[in-house]
Amino acid sequence: MNTNIQEIKDLSIGFKSQKGKQISILRNITTNIRKGETVGIVGESGSGKSTLALAMMGYIKHGLFTTGGECLFKSQDLLSLNNKELEDIRGRKIAMIPQNAGQALTPNLKIGYQIEEALKLHTDFSKAKREQKISELLNQVRLPSPSIMALRYPHELSGGQQQRVAVAMALAGNPELLLLDEPTTGLDVTTQAHVLELLKDLAKDTGTSMVYVSHDLGAIAQVCDRVIVMYSGEIVLEGPVRKILKEPIHPYTYGLLKSIPKLSLSGLPDSMPGSQPQPGNIGSGCSFYDRCNFSSDECKFKVPELEYLSEIDTSVRCFNHSELISKTSEQKITNELKKEIIIDEILDLKDVSISYAKQGIIDQFLNKVTDTNPTVKDINININKGETIALVGESGSGKSTILKSIAGLLKTKDGYIKFNKEKLLSGDLKKRNSDDLRSIQLIFQNPDESLNPNHTVEQILSQPLKLYFGLTGNKLKSSIAELLKKVRLGAFYMSRYPRQLSGGEKQRIAVARAFAARPDIILCDEVTSALDVSVQAAVLDLLQKLKEELGTTYVFVSHDLAVVKAISDRVAVLYQGRLCEIGPSKDVYQFPSHPYTEVLIGAVLEPDPDIRPKLVAEDIVEEKPPEIGCSFQGRCPRILGDKCRNETPPWQFGDNGNAIRCHIDIEELKIQQS
Amino acid sequence: MFFLIFKRFILGLVTLFIVSLITFIGVEILPGDACTSYLEREAFGEALAACIKRLGLDIPAHERYISWAYNVIQGDFGYSLSGQMQINEVLGPRIKNSLVLASAAIIIGIPLALILGIITALWRDKMPDIIISTVAIFSMTIPEFISATLLILIVAIWLEWLPGIVIVPTDVTFFELLPNIILPVIAIAMIMTAHMARMVRSSVIQVMASDYIQMAILKGVPYWKMVFKHVLPNALLPAINVVALTIAWLLGGVVVTEVVFNYPGLGRLVIESISNRDLPVVQALGIILASIYVSINFIADLLTLMLNPRLKTLQTRK
Amino acid sequence: MENLKNIFNENPKSSLEKVLDIISTMASKPSGFIGLAILIFHIILAITSPWFAPYDYKAINPSLMLNAPSSEFWFGTDSLGRDVFTRTILGGRTALTITFFGSIIALLWGGLLGIFCGLVGGRIDDVVMRIVDAFLSIPWILAMLLIVSLLGTTTEVLIPALGFFYGKGIVRVARAATHDVIAKDFIVSAKARGHSNISIIWNEILPNVRDAILVEGAMRWSWMLLGFSSLSFLGFGVSPPTPDWGLMISNARGLMSFAWWAVIAPIVGLSSLIIGINLTADAFAKALGIDRSTKAPV
């Protein structure tokens, strides 16, 4: 009997470029999905993983076409079926859970209708039975009060809820194979952990085969039995999850795993040079040749075949994989951060609160304070020269808001920000003098948005140089070349436009622009979250090197606790615009910690199938901080009762230097958490 | 939601108020007042004095504006110099005739535009799309006086199927009017349909490329069900406002078409009153045409608000 | 240092090269090629036609009234015995000139006011947009006719009047484009660095709204030509005996049951020019990556 539910044979997919050249996105993919197993497909953006997942449903995007191979679902080639036949398979036999459920749910139709539609198409239930089934499904994906939920429109739900609805919709047809395309990307850390938990339980309960597509090895490690690693349109490694994640025998996977920051390790992860080649730019040899540390001459001209090693049930596409087997046991990080912080305060945030609420005309006239509950409140942070302080929290925690107010883009409502111990920084950008402006520079999350698309790299970098130092002519040019060198880019990048650069290169330009001002402080707003993992490590490494060289202070905002742990000296944890905990990063990650920090750390997904996340709090989305009491009262798993609801918690200091804002006695927390 | 509707309504009224100011000030600052313009060389002596008295030109401008605006709100537009009668009497039958013409064009145009727009979008870059889109580009770019003239030349003169020029008194019944309006309606509907079909097309194409349509396909929703349930409601919603703007804009084009066909509607009244330099009538027409424009947009806003669940719940929640 | 110098010589594309790039992209599609070809043909015709027009455009000859096309008079003669071919090849000059300069005026004031409104926002923006809305709600033809009838049909009146009435729509487009750009991080970044407002507008905003405004301007040109011809047709454009297609159509229309040539020639001339400009504007928009079919013609 055939135990494979889907067999992909020699599948190639490509498109025609504007010049009529045929460019391939997937090349000779051959693999099987077995009944009842969960297979992870992992790769960076552009590796072709989503295209492969869609092909598994017989769906080829507009503009793409297959250039060979077949996609057999139960021995039936999906790519040769007509639309009518596919309609019977899609949703009923194979269902998809999309990446961004917020955009994948039709906006004008109610949740209930969209689930019922799937039921109508794929079951012969009566109307009453269908309604009952909708409630059942919504219950199954753990959505509260299904009958009310069914009457809502997609935009009325939070991101996590939308994702759950998408899961319910996929389950409606009772499919034999479930495809998940980055189902948790874009969700907050705690929500992501909860959705993954749900998916894992569903796989166990229903026995459905699953294909889980993701760039996140942490998520893959949690749910998958087997992993397929893709690189620029090819499978480079395939095998059982433990083998792949613990003893990767392909140089790419090996490098990728080393480049992921982990909670269990301290210091910066190793970085991989370069970036994945664009489709159409792949040389004649191995596609990973340019970035590989293990390459031989053979790799340059010959494409390695996918080789099956029966003793470890793994397929690998590499000539030199045997060299790696000995290497993989060592998993130590050597790039410990240099930690020589002189206690010399550079920035002092005192009782800062920031409000987005606009005052009405009448209140303005009467000079009335209307907003008693500002977005950000009571922020007290001292930042020392040369340190990296991280602000951590989920979306809505106010971390970027604080950054903006330091930069002078938002006025503080109360409190002050002091620079270099004596200078008060005005909340109004126009009132800051040129030197203060120069001293504080910003790097943004998304370089696509932060670099002017109509400027060349030269124009972009000349802006701060002209503004602050009045450079012109050849002096300007050589300064720009020097800056590019600093961020490890050649001077020939000068004439390029942002659209001609890869994501990592763009972010390097943004870094160069910030350093052009020779600032004392650089504010980094989620600077690596738009980048691929292998590129992220390189950018983190660059930031660290520049800091060691120039003594710059970083204020580093991120939602990713592992990244924060890797780069920062101190961490401040924020929830709903209020500080929960602050301290040296090595201590914040140890107990006792604030219950919210505990929740965050518990939800981190490590790329290791043996480390499971601990889910301690519900992933409710709160829209507003509570007026009185502790900011975390709504979700705290250790809530004491009225005291937490009515009184602002006091600061308590742990033995190892971290400060926690909580009503629970710190000794008590220590006992509870250990 | 009611607040939003109310707000749109007030904004419409504010726009109309500004329009009344513009038309009034416009007529004031242009050289010559209503009487000297109208009487031209005879603008002296008794005739001029009578005219000035008649229009109240002897009182200060701001007072005149207030009394004029007050009368307009009451529905009284004043006195037509060329017609020697109340403007309301001149306007009545003209509005009726234009309304017949415009509504006939809209009734034909909108459904046709929807169908053509959807067909061209669904068969994008295939034969039906290429043919319809090419015809659409021609019919929307060629000025209405050219297409109208060609229609008369071909249908009325060469083929002799329909009357080319409308020769009817201003107060005919609807059925007497009917054969006469076929050509003008075609001329107007052609341009309108072409514009709207193009917008519908691009809106549908945009929605077809969205994540939720891909999801619907992957869910196994049959093609036509997907088109009607998932695509069209989302594609047509944003098109409503643009369609309204197109209709309103075409009011200007109707003027020319009415002249070509000698049709006794508001458009020809525009030309007549300007040729006669009958400024009170011009002012009245300005206000009326602007009100039509504002009302069409207001209706479009209402429709969008009522049909868009996003806007509906956004307001009730806050 | 030596190789650094070489790198400095590798200049980014000059603006002329960029323009040529855009034109070649436009011409690479059949519709864009046809549009450009028609437009260029018309422009060359308008510039050179006075030198090769076979007859005097204003010579009235009662004995030659309404002659059918012949080898002597290629397009026949009109009701005053004037050569239709001569008048047709000359008939686009006034319209092209007036609308071209009108479009530039529309582009300038509409673009600047729109960018200004997008930038300042708040109350000033509200008030200006209300007024623009009010102007949009008065049919352009009523206002234009009024102005022309009271001030005359001279070029000095027509160009600014057309420029004003067709600039209103550009205000909206420029404002929307500015609004989109202003929220982007690169503007925030420039603000945080402390650049002056003028430098931000010039360096960061203008290059990013320029395309949208130019496309809108190209569109306006074709609408304006349509509007101007309508005015001529109604007798409020150029004054006789200047040859103009709109006016020629209007004059010959009454006699078209027996002298169709006098009306067909100017119709072909005007239609082809408008279609040419339209196709060009479309191709221009596509070459710059802007979809103009979603816009209302206001």
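Here, each number is a calculation from the coordinates, and none is a lab measurement. Just so it is clear, the structure is predicted and the values come from calculations on it, not from any experiment. Ideal geometry is used to build each Cβ from the backbone, glycine not excepted, and the neighbour counts take in all protein chains shown.
If the segment from A:Thr30 to A:Leu550 were pulled out straight at 0.36 nm per residue, it would be longer than the present Cα-Cα gap by 182.2 nm.
Apply 1/(1 + (r/R0)^6) to the Cβ-Cβ distance of C:Asn197 and B:Ile29, taking R0 = 51 Å, and write down the FRET efficiency to the nearest 0.05. With R0 = 51 Å, the Cβ-Cβ based efficiency is 0.90. Could you sort out which of A:Lys475/A:Lys565; A:Lys110/A:Lys413; A:Lys120/A:Lys200; A:Lys49/A:Lys506 sit more than 30 Å apart by Cα distance in this structure? In this structure, A:Lys475/A:Lys565; A:Lys110/A:Lys413 exceed 30 Å between Cα atoms. Under 10 Å from the Cβ of B:Leu266, count the other residues' Cβ atoms, weight Lys and Arg +1, Asp and Glu -1, and hand me the total. Result for the neighbourhood of B:Leu266: +2. Taking every lysine pair in chain C that is 8 or more places apart or spans two chains, those with Cα atoms closer than 23 Å amount to 8. Near C:Phe100, once Lys and Arg are set to +1 and Asp and Glu to -1 for all other residues with Cβ below 13 Å from its Cβ, the sum equals +2. Cut-off 13 Å, label point 7 angstrom out along Cα-to-Cβ of A:Ser284: give me the residues of region A:295-311 whose amide nitrogen falls inside. Flagged as within label range: A:298-303. With a/c under 1.5 counting as rounded, go ahead and sort the protein assembly as shown into rounded, prolate or oblate using the C-alpha gyration tensor (a ≥ b ≥ c being the square roots of the eigenvalues; past the cut-off, prolate if a/b is larger than b/c, else oblate). Because a/c hits 1.5 or more and a/b exceeds b/c, the protein assembly as shown counts as prolate. Between the alpha-carbon centres of region A:58-83 and region A:188-264 there is a gap of 26 Å. Going from the fewest other Cβ atoms within 10 Å to the most, the residues C:Ile141, A:Ile260, A:Ile148, C:Ile43 appear in the order A:Ile148, C:Ile43, A:Ile260, C:Ile141. Among A:Arg496, A:Arg432, C:Arg123, the ranking by other beta carbons within 10 Å of each residue's beta carbon, starting with the fewest, stands as C:Arg123, A:Arg496, A:Arg432.
Distance between the C-alpha centres of region A:136-153 and region A:593-661: 27 Å, rounded to the whole angstrom. Between A:Leu151 and A:Leu263, the FRET efficiency estimated from the beta carbon spacing at R0 = 35 angstrom works out to 0.25.
Could you tell me what percent of the DSSP beta bridges with both partners in the protein assembly as shown are antiparallel, to the nearest 5? Taking every DSSP beta bridge within the protein assembly as shown, about 60 percent pair in antiparallel fashion.
Listed by chain and number, the aspartates and glutamates whose C-alpha is less than 17 Å from the C-alpha of A:Lys300, apart from same-chain residues fewer than 8 away, are A:Glu234, A:Asp290.
Multiplying the residue separation of A:Gln132 and A:Glu305 by 0.36 nm and subtracting their alpha-carbon distance yields 57.1 nm. Taking other Cβ atoms within 10 Å as a rough exposure proxy, A:Ser397, C:Ser149 sort from fewest to most as C:Ser149, A:Ser397. Placing a pseudo-label 7 Å from each Cα along the Cα-to-Cβ vector at C:Ser63 and A:Thr3 gives an inter-label distance of 10.8 nm. Taking a point 7 Å out from the Cα of B:Ile157 in the direction of its Cβ, the residues of region C:217-258 whose backbone N falls within less than 16 Å of it are C:246-258.
Label-to-label distance, B:Ile115 versus C:Thr48, with points set 7 angstrom from Cα along the beta-carbon direction: 4.8 nm. The alpha-carbon of A:Lys485 sits under 18 angstrom from the alpha-carbons of these aspartates and glutamates, leaving out residues fewer than 8 places away in its chain: A:Glu458, A:Glu505, A:Asp541, A:Glu548, A:Glu549, C:Glu2, C:Glu10. For the protein assembly as shown, the 222 nm mean residue ellipticity estimated from helices alone, with every DSSP H stretch of n ≥ 4 adding -39500 (n - 2.57) and the total spread over all residues, rounds to -16500 deg cm²/dmol.
What pairs from A:Lys61/A:Lys84; A:Lys93/A:Lys133; A:Lys399/A:Lys586; A:Lys430/B:Lys7 go past 26 Å between their alpha carbons? Exceeds cut-off: A:Lys430/B:Lys7.
Bridgeable aspartates and glutamates around A:Lys411 (alpha carbons under 15 Å apart, same-chain partners fewer than 8 residues away excluded): A:Asp351, A:Asp371, A:Asp378, A:Asp428. For region C:191-298, the residue among C:Leu231, C:Ala212, C:Trp202 whose Cα projects farthest onto the positive side of the dipole built from Cβ charges is C:Trp202. Here r is the Cβ-Cβ distance between B:Glu89 and B:Ile130 and R0 is 56 Å; the resulting FRET efficiency, rounded to 0.05, is 0.60.
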